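Student: This is the structure I want to talk about, given as structure tokens.
The values are calculated or read from the model by the stated rules, or taken from the named source; none is laboratory data. It should be emphasised that the depicted structure is a prediction, and the values quoted were computed from it without experimental measurement. Reconstructed Cβ throughout: ideal geometry from the backbone, glycine too, with neighbour counts over all protein chains shown. For the accessible areas, the whole protein counts, side chains as well, though only heavy atoms, and no ligand, DNA or RNA atoms are used. Shrake-Rupley method; radii C 1.70, N 1.55, O 1.52, S 1.80 Å.
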Amino acid sequence: MSSGPLLFQAAGCVARELREADIPALQAFFEANPLYFEKVNGRPPRPDEAREEFHDLPPPGLPFERRWLVGFDDAASGALLGMASLLGDFLAPRVFHIGLFIVASDRHGTGLAGALYQALEEWMRGEGAAWIRLGAVVGNERAEAFWPKMGYRDVRLRHDVETGLRRSTLHVMVKCLTSEGVEPYLARVPRDRPDSALP
């Protein structure tokens, strides 16, 4: 069971904020579920993958207000079944960013990922999110299929992005949680406009 405070419950799981004491459990989860890392980074998780993820921050010049690392624990066994990294008020007020969202490989196809995501989205809405953005690597077919089903739409492509051992193209995707739509979002976050040259 993760050591941080309870955020919400959904689909038989308890979502808690991960703390530094949870790094060994997160590392074990990454090593037991290497598919994302192999697909996106071209290698299995590194021995310090969880520690690096725990301390990873956006580059200077990309402002944010708050960061969360969330663990999804099985409510019955306490086993870590998934994780997400989030930024609040990233680039602009009320914009949240999902940096990573991984569910245990043996739960793929069960509907757990969708149920956990929907609960996570409601929690982010409660934290003030009006838009959520993320990047999905071109060629990561599972992500390319999942995020549109969750209501995300492409706003631009980013090319030649370092992802582990690879240089990748990313779909920058956004979901609007209010009736404002995507145009006010693009006015707030010009780097995500389709014609943007920003990296």
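Student: Just give me the residues in the stretch 55-78 being surrounded by 16 or more Cβ atoms within 10 Å (Cβ to Cβ) and closer than 19 Å to V14 by Cβ, in sequence order.
Tutor: W68, L69, V70, G71, F72, D73, D74 - these are the residues of the stretch 55-78 that are surrounded by 16 or more Cβ atoms within 10 Å (Cβ to Cβ) and closer than 19 Å to V14 by Cβ.
Student: Can you name the residue in the stretch 155-199 that is closer than 18 Å to I132 by Cβ and among the small types (G, A, S) and is also modelled with the highest pLDDT among such residues?
Tutor: By that ranking, first place goes to A187.
Student: Mind checking which residues of the stretch 60-83 are free of Cβ contacts under 8 Å to residues at least 12 places away in the same chain and either β-branched (V, I, T) or over 30 Å from P190 (Cα atoms) (or both)? Before the answer, list the steps.
Tutor: Step one: filter the stretch 60-83 for residues free of Cβ contacts under 8 Å to residues at least 12 places away in the same chain, giving 60-61, 77, 79.
Those that are free of Cβ contacts under 8 Å to residues at least 12 places away in the same chain and either β-branched (V, I, T) or over 30 Å from P190 (Cα atoms) (or both): S77, A79.
Student: Which numbered condition in (1) without any contact (Cβ under 8 Å) to a residue 40 or more places away in the chain; (2) over 20 Å from G135 (Cβ atoms); (3) under 18 Å from the mean Cα position of the chain (by Cα) is the only one that P45 fails?
Tutor: (2)
Student: Let me ask something additional. Condition (residue is within 14 Å of the chain's Cα centre (by Cα) and not charged (D, E, K, R)) applied to the stretch 159-166: is it met by at least one residue? Spell out the reasoning first.
Tutor: Just the residues of the stretch 159-166 that are within 14 Å of the chain's Cα centre (by Cα), to begin with: none.
Looking through the stretch 159-166, none of the residues is within 14 Å of the chain's Cα centre (by Cα) and not charged (D, E, K, R).
Student: Of everything in the stretch 141-199, what is hydroxyl-bearing (S, T, Y) and in contact with a strand residue (DSSP E or B) (Cβ under 9 Å, 6 or more places away or on another chain)? Give them in sequence order. So that I can check it myself, show each step before the final result.
Tutor: Filtering the stretch 141-199 down to residues hydroxyl-bearing (S, T, Y) leaves 152, 163, 168-169, 178-179, 185, 196.
Y152, T163, S168, T169, T178, Y185, S196, listed by residue number.
Student: Anything in the stretch 1-49 that is assigned to a helix (DSSP H, G or I), over 27 Å from D160 (Cβ atoms) and among the aliphatic types (A, V, I, L, M)? List them, or say none.
Tutor: Residues satisfying the conditions are A21, I23, A25, L26, A28, A32.
Student: Output the qualifying pairs, or none if there are none: Cβ atoms under 8 angstrom, residues six or more apart or on different chains, first residue in the stretch 168-186 and under 14 Å from R153 (Cβ atoms), second residue open to solvent by 20 Å² or more (accessible area, probe 1.4 Å) and part of a loop (DSSP other than H, G, I, E, B).
Tutor: H171/V138; K175/M150; K175/G151; L186/R193
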